[in-house]
1. For the stretch 23-142, compute the number of Lys pairs whose alpha carbons are separated by less than 24 Å, excluding pairs fewer than 8 positions apart on the same chain.
2. FRET efficiency for H77 and H47, Cβ-Cβ distance as r, R0 = 41 Å, nearest 0.05?
3. Hey, what do the phi angles of the stretch 68-75 turn into as Karplus ³J(HN,Hα) couplings, whole Hz, using 6.51/-1.76/1.60 and θ = phi - 60°, x for Gly and Pro?
4. Which residue, I172, I40, I83, has the most motion in a Gaussian network model of the chain that connects Cα atoms within less than 10 Å?
5. What number, in percent, do you get for the relative contact order of the stretch 6-94 if the mean sequence gap of Cα pairs under 8 Å and at least 6 apart is divided by its residue count?
6. How about the stretch 10-106: which trypsin sites (Lys or Arg not before Pro) there are in a DSSP loop, with at most 16 other Cβ atoms within 10 Å of their Cβ?
7. Quick check: at a probe of 1.4 Å, how many percent of the accessible area of the stretch 1-158 sits on carbon and sulfur atoms?
8. Per 0.36 nm of contour for each residue apart, how much would the distance between I135 and E177 grow if the chain were fully extended, relative to their Cα-Cα spacing?
Amino acid sequence: AIAIPNTIVYLLIRDQKDFIRRSTSSAFAIFYIAFLAGFIILLGHHHDAVKRILILVLAVTCNDTFGYLVGLLFGRHKLAPHISPKKSWEGLIGSLVACIVILSLAMHYLFHERWWVGALIGVMAVLTATSGDLIESAVKRDLSIKDMGSILPGHGGILDRIDSVLFTGPAIWFALELIKHFQL
């Protein structure tokens, strides 16, 4: 809330040329990383913090790993060829099956919830993690860059490692809060 107005004022004082493009992209960058990552902090500030973070890690890891493996082995039908040419519908189905199974078990054994609650969180996690990955790929394509940094060359940069987490963190936090407050 403080960073966005200060950044926009600084950009205006510095140079008025392309102000709308520069200010909206700056606000987007601040929102995209800081705001969404804030939900991961919220997951960590709870008496069940370790379990909550584990659910997030399991969700994102299952989505990315099984999507990659199933897509590599069986992927024939492109999911979004103009945004992320290697993603396939088969990989998405692999992610979906893995997340449903793993999160059903995790929610049952960690939070003593019914299996279908974990299954719903698994479906939600696949949608959010895949959306985060596709959005980050679209941003890279729009900016005409291969990597969002040089720390992990060839891996798309650091943002490519956390794009799924940024979108899934808020969804997991919201789902766990619903469960807590409404005792689903």
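The values are calculated or read from the model by the stated rules, or taken from the named source; none is laboratory data. These figures come from a predicted structure and were not determined experimentally. Heads up, the Cβs are rebuilt from the backbone with ideal geometry, glycines too, and the neighbour counts pull from every protein chain shown. What goes into the accessible areas is simple: the full protein's heavy atoms, side chains included, and nothing from ligands, DNA or RNA. Shrake-Rupley method; radii C 1.70, N 1.55, O 1.52, S 1.80 Å.
1. Step by step, the pairs that qualify in the stretch 23-142 add up to 5.
2. 0.40
3. After applying 6.51 cos²θ - 1.76 cosθ + 1.60, I find 5, 5, 5, x, 5, 7, 10, x Hz.
4. I83
5. Relative contact order here is 17 percent.
6. Listed in order of number, the matching sites are K17, R76.
7. 72 percent
8. 12.6 nm
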